[in-house]
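The values are calculated or read from the model by the stated rules, or taken from the named source; none is laboratory data. It should be emphasised that the depicted structure is a prediction, and the values quoted were computed from it without experimental measurement. Methodologically, a virtual Cβ is constructed for each residue, glycine included, from the backbone with ideal geometry; neighbour enumeration extends over all protein chains shown.
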Amino acid sequence: MSTWIRGPRWLSGAVLAALVVLSGCSSTPDKITLLPDPDGSVGTVIVRSGSETQVIDKPYTRVDVVKGGAIEQTADSQSGVQARYGALLAAQPPRPTTFTINFLFDSATQLAPDSSATVAKLKATLATWPAPHLTVVGHTDLAGAQDFNDKLSMQRAQTVAGFLIKAGIPAQQIETVGRGKREPVVHTADGVPNQTNRRVVITVQ
């Protein structure tokens, strides 16, 4: 499959062994720059143009596919990329982030005491996030019947969605799901209560 790229393109370091196939017939060079992930990790991108292939696996490496299909690779730097493309990089959407809010035993409305700080961080993040979409997933511990926990986990998700809506997030930007006791963080025997497992996980993207 061929991918046509016009102008600069940035590839996250999370891409492992990705293959980019270019035509090389554009009047301006196709450009690819490999960026590291926030934790500094870098993946691998294979660039192929005609019969020529090059591998990019160093952060801030730039590849230009010039007229005729030749691949020219250049070692760049964070400061160099920032100087040329700072405005475009700043316009990228934030990376998805997650928050976990814990609940008291058998409750769909009472948060665990240590969750108030998490709620404050979540609200601060949402205040600066452009047009967020939120996935809100409720969970229970392994105490109780499956049907009961399915309902309880959904009620917990709806509780969190309710205060998100009160915080100004449109309801259509919030997806709620209840997973019951199917996905515990701490694996216990069935029927065993556990504070860590009684939670709602919010993913903001």
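Picking from residues in segment 48-66 that are in contact with an Asp or Glu (Cβ under 9 Å, 6 or more places away or on another chain) and hydrophobic (A, V, I, L, M, F, W, C), the one that is farthest from PRO94 (Cα to Cα) is VAL66. Evaluate segment 123-132: report whether one residue or more is in a helix (DSSP H, G or I), in contact (Cβ under 8 Å) with a residue 12 or more places away in the chain and small (Gly, Ala, Ser). For segment 123-132, residues in a helix (DSSP H, G or I), in contact (Cβ under 8 Å) with a residue 12 or more places away in the chain and small (Gly, Ala, Ser): absent. Would you check if THR196 is part of a loop (DSSP other than H, G, I, E, B) and closer than 18 Å to PHE99 by Cα? For THR196, the condition - part of a loop (DSSP other than H, G, I, E, B) and closer than 18 Å to PHE99 by Cα - is met.
When ALA120, ALA167, ALA161, ALA143 are checked against the criterion of being more than 20 Å from the chain's Cα centre (by Cα) and at pLDDT 95 or above, ALA143 stands alone in meeting it. Between GLN73, GLN82, GLN110, GLN78, the distinction of being closer than 30 Å to LEU152 by Cβ, without any contact (Cβ under 8 Å) to a residue 60 or more places away in the chain, surrounded by fewer than 16 Cβ atoms within 10 Å (Cβ to Cβ) and not small (Gly, Ala, Ser) belongs to GLN110 only.
The residues on offer are VAL192, VAL137, and the sole one that is in contact with a helix residue (DSSP H, G or I) (Cβ under 7 Å, 6 or more places away or on another chain) and either hydroxyl-bearing (Ser, Thr, Tyr) or surrounded by 13 or more Cβ atoms within 10 Å (Cβ to Cβ) (or both) is VAL137.
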